[in-house]
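**Q** Have a look at this one.
Readers should treat all values here as calculations from the given coordinates under stated rules, not as data from a laboratory. Since the structure is predicted, the reported quantities are computational estimates derived from the model, not experimental observations. As a convention, Cβ positions derive from the backbone with ideal geometry for all residues, glycine included, and neighbour counts pool all protein chains shown.
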Amino acid sequence: MSTREALALATEQALDLVEVAPNADPPVCRLMDYGKYLYEKQKRERESRKAQKQIEVKELRLRPKTDEHDINVVIARIRKFAKEGAKIRVRIRFRGREMQHPEVARSLLERVANDTADVVTVESMPTFDGNSMVMVLAPQN
C-alpha cells in the first residue's frame, strides 16, 4: 500500500499512521490512536515499576559503651530484619572524647557481624561518616 493511501485511510478512520519497523524493507506502518498507545505504554511502565521489589534499609544505632544485653537485642533485630529481606545499616555514634578510640567501635561492629554471619553478609566494612562509624549488612540469599 502506498504512503498516500495509508495516510488517507488513517484520516478517514481518525487514526494515526505510526511507523513500527523503520529498518524493514519496505518500512512497516500501523494504523492506531497514538495518544492511546502512549497512555497504554506509560501505564505498563508504571505497573512494572510498581511490581519491582523496593529494598528497604533499616538502621540500628549503638554507642561505643553499649551494654551486653542491648547488643544482644540489636543482634536479634538484625536477624529479624534479614529474614524480612531488608538491608541493615549499623551506626555507632560517638560523643566527645569517644572519637579518640575508634577501635572500640570497630571491634563492636566486627562482633555484630560475626554473631550474625549465618544470616547476613557484610556489604560495606566499617567506615567513618562524620561523628559515627557505619557498617552495612545485606541478607544472605
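**Q** Only bridges with both residues in the chain count here: give the DSSP antiparallel percent, nearest 5. Working shown, then result.
**A** On the way: 18 of 24 bridges.
Antiparallel: roughly 75 percent of the beta bridges in the chain.
**Q** With the Cα gyration tensor of the stretch 3-51 giving a ≥ b ≥ c as the square roots of its eigenvalues, does the rule (a/c under 1.5 for rounded; else a/b larger than b/c for prolate; else oblate) give rounded, prolate or oblate?
**A** Working: a/c = 6.26, a/b = 1.77, b/c = 3.54.
The shape class here is oblate.
**Q** Okay, moving on. What length, rounded to one decimal in nm, is gained on full extension from residue 70 through to residue 99, with 0.36 nm per residue of separation minus their alpha-carbon distance? Don't skip to the end; give the middle numbers.
**A** Details: separation 29, 0.36 × 29 = 10.44 nm, distance 2.10 nm.
Difference between extended and current length: 8.3 nm.
**Q** Sorted by average packing, counted as other Cβ atoms within 10 angstrom per residue and highest first, what order do 54-65, 76-87 take? Each step should come with its number before you reach the end.
**A** Values: 54-65: 13.2, 76-87: 15.4.
The densest-packed peptide leads the list: 76-87, 54-65.
**Q** How large is the charge dipole for the chain, taken about the Cα centre, if only the Cβ atoms of Lys, Arg (+1) and Asp, Glu (-1) carry charge, to the nearest 20 debye? Please report the intermediate quantities before stating the final value.
**A** Values: 26 positive and 22 negative charges, 160 e Å.
With Lys and Arg at +1 and Asp and Glu at -1, about 760 debye.
**Q** Neighbour counts of other C-beta atoms within 10 Å: give me 118, 33, 16 arranged from fewest to most.
**A** 118, 33, 16
**Q** Now for a different question. How large is the convex hull of the Cα atoms of the chain per residue, expressed in Å³ as a whole number?
**A** About 181 Å³ per residue, rounded to a whole number.
**Q** What lysines does residue 83 reach when the alpha-carbon gap must be under 17 Å and sequence neighbours fewer than 8 apart in one chain are set aside?
**A** Partners found: 53, 58.
**Q** Ok, one more. Ranked by Cβ crowding within 10 angstrom, fewest neighbours first, how are 101, 69 ordered?
**A** Values: 101 11, 69 8.
Fewest-to-most Cβ neighbours within 10 Å comes out as 69, 101.
**Q** Sticking with this structure for a sec: Note the angle between two axes, namely the Cα long axis of helix 3-12 and the longest principal axis of the Cα atoms of the chain, as a number of degrees from 0 to 90, rounded to the nearest 10.
**A** On a 0 to 90 degree scale, this one is about 80.
**Q** For the chain, find the longest principal axis of its Cα atoms and tell me its angle to the long axis of helix 68-84, 0 to 90°, nearest 10.
**A** On a 0 to 90 degree scale, this one is about 20.
**Q** Give the aspartates and glutamates whose C-alpha is closer than 19 Å to that of residue 43, dropping any in the same chain fewer than 8 places away, or say none.
**A** List returned: 33.
**Q** Could you tell me the distance between the Cα centroids of the stretch 80-141 and the stretch 1-77, to the nearest Å?
**A** The stretch 80-141 and the stretch 1-77 have Cα centres spaced 36 Å from each other.
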